[in-house]
Amino acid sequence: MAELVTGMHPKLVEALSAFNAEAKARNLIGAMHSGLRTEEEQQKLYAKGRTVPNPDGIVTNAKSAYDSWHGFGLAFDWVFKDPKGNWTWNGMPGVFKNEMTGLWKWNHELDNKWHELGKVGAMFGLEWGGYWEKFRPDFPHFQMRGIFNNTAEAKKLLLENNIEAVWGLI
């Protein structure tokens, strides 16, 4: 996992280590699938479901690496593994968008595995994408954003200073 944590904020790496131990203790078997994303990696993900066919549709709304906390080294995606050790996205909860409110919903009781994982993240100060309502929930996604309300604020500080200035506010 050492190469996957390269470029990630030390507090996030520390939280990920504790997160992994707690997930294992709860028999939630998986690992970090992705961490820091380059602009090229983000562009490839953004194309999925748009210009690149993808049976699961659009993968991300983040067009640029800095439209996502992954681009700042402040997010990771954690994915379950099957009994053979292969990554598996099977069992992702069904979500729906409430047409009246425009908010996304899913039934937490129907998939306790992901909900349990979200609780583990909260134990270590991580914001979980499964709780998102304004965007389609992103169950594998966990992030730290410190005092920032959004990535635009962090990107502005990054462009005016450097990544250390952003990381100093986490």
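The values are calculated or read from the model by the stated rules, or taken from the named source; none is laboratory data. Computed from a predicted structure; not experimentally measured. Note that we place each Cβ from the backbone using ideal geometry, even for glycine, and neighbour counts take in every protein chain shown. Surface areas here come from the heavy atoms of the whole protein model, side chains and all, with no ligands, DNA or RNA. Shrake-Rupley method; radii C 1.70, N 1.55, O 1.52, S 1.80 Å.
Please give the per residue accessible area of region 106-170, computed with a probe of 1.4 Å over protein heavy atoms only, in Å².
55
Work out the length of the dipole vector of region 34-80 about its Cα centre, built from +1 on the beta-carbon of each Lys and Arg and -1 on the beta-carbon of each Asp and Glu, and round it to the nearest 20 debye.
Magnitude of the dipole: close to 120 debye.
Between Met123 and Thr38, what FRET efficiency comes out of the Förster formula 1/(1 + (r/R0)^6) with R0 = 25 Å and r the beta carbon distance, rounded to 0.05?
In this case the efficiency is close to 0.25.
Based on the alpha-carbon gyration tensor of region 1-67 and its eigenvalue square roots a ≥ b ≥ c, which shape applies: rounded if a/c is under 1.5, prolate if not and a/b is larger than b/c, or oblate?
oblate
Given the Cα-Cα distance of Val59 and Glu116 and 0.36 nm per residue of separation, how much length would full extension add, in nm?
Separation in residues times 0.36 nm, less the Cα-Cα distance, equals 18.2 nm.
Let me spell out the model: positive unit charges on the Cβ of Lys and Arg, negative unit charges on the Cβ of Asp and Glu, origin at the Cα centre of region 18-61. What dipole size does that give, in debye rounded to 20?
Value, rounded to 20: 120 debye.
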